[in-house]
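Trainee: Provided herewith is a single structure, encoded as structure tokens, for subsequent inquiry.
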Amino acid sequence: MASGLRRRLLLALAVAPFAAFANADPTAGLKRWGNGEFRRFGFLVYEATLWAGDDPQRPPLALRLDYKRTLAGAAIAEASVKEMRALGADEASLKRWGELMTRIFPDVKEGDFIVGQYEPGVARFHFNGRLVGEVADADFARAFFGIWLDAKTSAPGLRAALLRRV
């Protein structure tokens, strides 16, 4: 009897760290900053919310996109590449990053959400609360989150709304 209980306890302790990682909240320990809407051709595509420390433009931070439309993951990756190109990323990096994002980003429908988590040197992506991938490349992470946070973003109104402290 005691050995069965001990075995179950040891198994629970062994699995606990992995369960915590798989379900970790990417916004834990961060403060909620601003939020705003992204529209394309007048249609609401997603609502974005930013969590960060004292500086909302430096990691660690998390950006949650709550989708209001159906989009293919490949289209999300393609749009991300286009935005990073406009911010000055080189073509060789964009090709590599586009392939990575195409593998990571899922198709979304209204009600789905993706949280991008930016830690120093790495970007992690969570889909509806589940970790779906990461890119351990500081240049990628900086360029990807620059889509929303860089001063030269194509959506300056959304940037201003995200950087406004709630």
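Trainee: Along each of its three principal axes, how wide is the spread of alpha-carbon positions in region 85-135, in whole angstrom units, largest first?
Mentor: 33, 25, 18 Å, listed from the longest principal axis down.
Trainee: Which lysines have a Cα lying under 21 Å from the Cα of K152, excluding residues fewer than 8 positions away in the same chain?
Mentor: Once the sequence-local lysines are set aside, what remains near K152 is K82.
Trainee: DSSP loop (so not H, G, I, E, B), at most 10 other Cβ within 10 Å: list which chymotrypsin sites (Phe, Trp or Tyr not before Pro) in region 121-157 pass both filters.
Mentor: On the way: sites: F125, F127, F140, F144, F145, W148; in loops: none.
Here no loop site has a sparse enough neighbourhood.
Trainee: With every protein chain left in place, what is the accessible area per residue of the chain in square angstrom, probe 1.4 Å? Can you show the working numbers first?
Mentor: On the way: 9540 Å² over 166 residues.
Per residue, the chain has an accessible area of 57 Å².
Trainee: Any chance you could run the full-extension gain for R69 through S154? It's 0.36 nm times the residue separation minus the Cα-Cα distance, nm to one decimal. Can you show the working numbers first?
Mentor: Details: separation 85, 0.36 × 85 = 30.60 nm, distance 1.99 nm.
Gain on stretching R69 to S154: 28.6 nm.
Trainee: Which residue fluctuates most in the GNM of the chain (Cα springs below 10 Å): A62, A143, A72?
Mentor: A72
Trainee: Then there is this: Please identify the helices of the chain, taking whole runs of DSSP H, that span at least 18 Å along their own axis as judged from the Cα atoms and have a mean Kyte-Doolittle score of 0.0 or higher.
Mentor: Working: long enough: 2-22 (30 Å, 1.20); 73-86 (20 Å, 0.21); 91-104 (19 Å, -0.49).
Membrane-span-like by this criterion, though nothing is claimed about a membrane: 2-22, 73-86.
Trainee: Rounded, prolate or oblate for region 113-166? Axes are the square roots of the Cα gyration tensor eigenvalues, ordered a ≥ b ≥ c, and the cut-off for rounded is a/c under 1.5.
Mentor: On the way: a/c = 2.37, a/b = 1.43, b/c = 1.66.
Oblate.
Trainee: At what distance in nm do the modelled label points of V166 and R58 sit from each other, each positioned 7 Å from its Cα along Cα→Cβ?
Mentor: Inter-label distance under the simple model: 2.4 nm.
Trainee: Mind telling me which of P156, P26, P56 comes out most flexible in a GNM of the chain, alpha-carbon contacts under 10 Å?
Mentor: Of the options given, P156 has the highest mean-square fluctuation.
Trainee: Return the FRET efficiency for the residue pair K31, N128: r is the Cβ-Cβ distance, R0 is 30 Å, and the value is rounded to the nearest 0.05. Provide the component values of the computation, followed by the final result.
Mentor: On the way: r = 23 Å, r/R0 = 0.77.
Computed FRET efficiency for K31 and N128: 0.85.
Trainee: What FRET efficiency would be calculated for the residue pair F43, A86, taking the C-beta separation as r and a Förster radius of 30 Å, to the nearest 0.05?
Mentor: Numbers: r = 21 Å, r/R0 = 0.69.
For R0 = 30 Å, the calculated efficiency reads 0.90.
Trainee: Under Stokes-Einstein, with the Kirkwood radius over Cα pairs standing in for Rh, what whole-number D in µm²/s applies to region 51-97 at 10 °C and 1.306 mPa s?
Mentor: On the way: Rh = 12.8 Å.
Result for D is 124 µm²/s.
Trainee: Let me ask something else. Suppose only helical runs count, i.e. DSSP H with n ≥ 4. What mean residue ellipticity at 222 nm does that imply for the chain under -39500 (n - 2.57) per run, divided by all residues and rounded to the nearest 500 deg cm²/dmol? Each step should come with its number before you reach the end.
Mentor: Numbers: 5 runs with 69 residues, N = 166.
Value at 222 nm, helices only, nearest 500: -13500 deg cm²/dmol.
The values are calculated or read from the model by the stated rules, or taken from the named source; none is laboratory data. Treat the numbers as computed from the prediction; the structure is a model and nothing was measured. Quick reminder, even Gly has a Cβ in these numbers, built from the backbone with ideal geometry, and neighbours come from all protein chains shown. Side chains are part of the model used for accessible areas, which takes the heavy atoms of the whole protein and leaves out ligands, DNA and RNA. Shrake-Rupley method; radii C 1.70, N 1.55, O 1.52, S 1.80 Å.
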